[in-house]
1. With the crude spin-label approximation of a point 7 Å out along Cα→Cβ, what separation in nm comes out for S137 versus R356?
2. Mind ranking 523-529, 147-153 by how tightly packed they are, going by the mean number of other C-beta atoms within 10 angstrom, highest first?
3. For the residues F247, F473, what sequence is obtained by ranking on other C-beta atoms within 10 Å, fewest first?
4. Fewest first, what order do F191, F366 take by the number of other Cβ atoms within 10 Å?
5. ³J(HN,Hα) across the stretch 361-371 via Karplus (A = 6.51, B = -1.76, C = 1.60, θ = phi - 60°), whole Hz, x for Gly/Pro?
6. Suppose each label sits 7 Å from its Cα in the direction of the beta carbon; what would the I166-E270 distance come out to in nanometres?
7. Tell me which residues come under 5 Å, amide H to amide H, from L544 once H is placed; ignore anything under 5 positions away on its chain.
8. Tally Lys/Arg at +1 and Asp/Glu at -1 over every other residue whose Cβ is under 13 Å from the Cβ of I145; what's the total?
Amino acid sequence: MDNSSSGGSRKYLSLSFILFGILMVFGVFAFWYVQGVNRRLDEIEGAGGISSMPEETSLRPTLEDPLNNLNARLTSLESLQEAIVSTSKSALEQMNFVFTIVASFFGLFALFFAYRQVVADGGREKHDEEMRSLVGSFRDNITVINALISTLEESFRSRRQLEEQIREQIKEINEGLTTVTTFTEQSERTFKDRVNNLNSEAFSLFTTHIDRQKFKSTENKHRLENFYLDFNTLEKLGDLSSLRNPFSNFLRGLHYFNITQYELAGLDFEVALSQGSRELARPTTGWYGDSRENEITEQLRRMLDDCTYHLGIIYYNLGEYEKAIDKFRETSRRDPLDFRSRSYIPELMFFDNKRRFEFRQIVSEFNLVEEELNSLSQADKERINWEVAMASLKMKKANCFLPKIIRLPERERQRSGEVATEAVNILWDAYQHAERIQDDQSLVVIFARFSLAQALEQVNRSEWKNSTPHELFKRVFFDIRSQIIRRKTEPILLVLLNYVLAICCSRSNIQGENPYTYLARAREHLQQVPNQVRIFSPINKINLHQDDLIWEIEIFEQSLT
């Protein structure tokens, strides 16, 4: 728009300069023409003799020359007339030329104004078009601005509505937070009350029902399972680490132990062991109901002993014999009368094929434990059920001497210590101790009898105390079959017992019984045992990996045909 206006101004300025130049030329020419006319008239006047005559001469006419004067004047007038006509003619021609020039000028001036009008009209159209475009753009901008203003107004209205909604929501949230805070406080109180109830239940269950012998009974298994469910439910609701007592983890560990989840059981036992050690120094009395501090301390000591004992059994079942020995030694240090743990140490030395203990070293350890048992006072013997401890120790020792009918290549180094007669003598002592045990169905008594029957076969003894090996195997068969009914939920033990039943059935020829049936049951129960768990072999008298046990069962099965 500015560029076109400046271009039109420059055109008008150029034309103005041209017109001014023409006017200057015309002015010069007109001045020259007037000067020429004046000069010509002066020349005519001088040539015609027209002059001012003296008064005397002009007033004294003569008769002699009247005609001459008249002719002269006529001649002079004719010459003057001709001169005037000639001058007029020349003037008319010059005027015609001037008028032509002027006409041309006015023609050019008309053309100039016509051109200017055309240019002005074209510029005006262009200007009008631009102005129309600008007006359209302005209108569009006004429309956009109006739309923006409408949008802003709508946004402000929406914002006010939103702010109002937010205020309402904040109000509701604050009310909700107040409700939640109240509910949370009530929930926390309820949660803490439930944890306190769990702690009281754990302490009561441990003190009244649970010990190393009783925790596997059917009733206690149900109790432990229910406790496990309550514990885990509360654990999902909140953090129990700073609220529950060590007995809670211990009881849940026993449940995991019963279902052979040894890794989880070990974790709970370690927690109970760590926390129980701290509690022993300074009990948190609110965790144990109305119990007195001396009672709490006494039960904590027993729980800590059981923790290390069960950790030893876990490592025993997993084949980690070095760790198991360490735990049983720790248990023995905690309680010098814990000969169950103490007797496991030489047995595990016999099992351990990695450190390769010498046979005499193993026997020496058994003898050391036996001396410790014999050195106890009568009161201590009564406290620990001394007959059971001695029978179990001697049976474990005799198993080391008992010749193995199915040999494992990696156990050949122990073969030199296998002496059947020595095994019979030791088992004879073991059985004498077992006979004094009140519970004739104790597994210690049953397995002492079973091992004795195996040893008697090795020395070709036809009878023993009016009993033959055949009769001993038969008695063991029926005793163990009743044990299966009592212990039907323990797959590890069920594998062992069914294997023993197959051996007894094959040695005693019990009518209507088939050893293959019991071997099949042993394999079936073995599938329920975690693969890393070892199973005690009643033939090789050590814990075997499941692959080795299956191989041994297959060899035994082949020997039956």
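1. Modelled inter-label distance: 10.1 nm.
2. 523-529, 147-153
3. Ascending Cβ contact count within 10 Å gives the list F473, F247.
4. F191, F366
5. So the J values, rounded to whole Hz, are 5, 5, 5, 4, 5, 4, 5, 5, 5, 4, 5.
6. Going by the 7 Å Cα→Cβ label model, 5.2 nm.
7. I535, F536, S537
8. Around I145, the charge tally is -1.
Values quoted throughout were computed directly from the atomic coordinates according to the rules given, and no laboratory measurement underlies them. Keep in mind the model is a prediction, meaning the values are calculated, not measured. Cβ coordinates were reconstructed from backbone atoms using ideal geometry, including for glycine residues, and neighbour counts include every protein chain displayed.
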